[in-house]
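For reference, the structure discussed in these notes is given below.
Any read-out appearing in this document is the output of simple, stated calculations on the displayed coordinates, not a laboratory observation. Every value quoted in this text rests on a predicted model; they were computed, and no experiment measured them. We place every Cβ from the backbone using ideal geometry, glycine too, and count neighbours over all the protein chains shown.
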Amino acid sequence: SRIQMLLESDYGQKISLGAVDKMLARAGKLFAPAVEAITKAIQEGREVVVDNTGWRVDGVNHFLWDFIAPEIKAALFVVDRSGGHQVPERVLPGNPKQTVVCDGGKCFNPLKGKKRIQRDWVHIRRHAKEGLVGYETVADAPDWRWLKSAKAAADAVLRAARLPMGKERDRKVVEVRRRVERLLRREVEGEPARKLKKYLLGRGEELWTWVGTGGLAQSNAAEQGLRFHIAGKRKVSGG
């Protein structure tokens, strides 16, 4: 395995695959109390950022999930065969006042009514930017203008969400909400703009949970956490 190769090349240690498996099993038992404590802290947290990505285990497709509570600086990573709603529902039971910050994945839809949901504005901005690839000039109006406006509106939301609670933030909230409402009243034609507009209309207050909680409007922490582990996996396992 790549772990064996890494141990031999970097540390001069030759070790059997069976020994590697046994060490990993012992490590699992050793760290079990820490995992339990981290899980409990995240379940009780005010806000948790969640994301997932594909993950191969012994050639079999799995998913790597991360659950990050920025306020208490806790992170839990879970490998599971499922990429569906069963995982966040199992990891985050109860605590209806908790806010789950996530992208637009359907796997988070069943959490509605059980948790506060905040959809990620960075993903919204990204979809608007990607949609602009096919509309590079103003001659492609109205979609070119709409997607540019959607990207700018997402930037404005993210800036407002970073402001401290107070009158300035309240003023910016009113401003950006009106801006998004005006955007959604405009007509669009092309597929990228139609899909993004439909998504925004369908999410409703899930776009604005951050206003009342003073929390995050984006899930970058979870996405960056996954990138770190993907890079590490490629180094150790080659995949």
Exercise. Past 28 Å, Cα to Cα, is the threshold; run 40/106; 97/148; 106/197; 115/198; 115/197 against it and keep the listed order.
Key: 97/148
Quiz prompt | Karplus-derived HN-Hα couplings along the stretch 212-220 (A = 6.51, B = -1.76, C = 1.60, θ = phi - 60°), whole Hz, x at Gly and Pro | solution = x, 8, x, x, 7, 10, 8, 10, 4
Exercise. Send over the Kirkwood Rh of the chain, from the inverse of the averaged 1/r over different Cα pairs, rounded to one decimal Å.
Key: 20.2 Å
Exercise. Could you list the square roots of 5 times each eigenvalue of the Cα gyration tensor of the stretch 121-213, that is, the equivalent ellipsoid semi-axes, sorted largest first and rounded to whole Å?
Key: 25, 13, 11
Quiz item: Would you list 78, 87 from fewest to most Cβ contacts within 10 Å?
Solution: 78, 87
Exercise. Using per-residue counts of other Cβ atoms within 10 Å, averaged over each peptide, order 93-100, 25-32, 204-211 from highest down.
Key: 204-211, 93-100, 25-32
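Can you give the % of DSSP beta bridges in the chain that are antiparallel, to the nearest 5?
Antiparallel bridges make up about 65 percent of those DSSP assigns within the chain.
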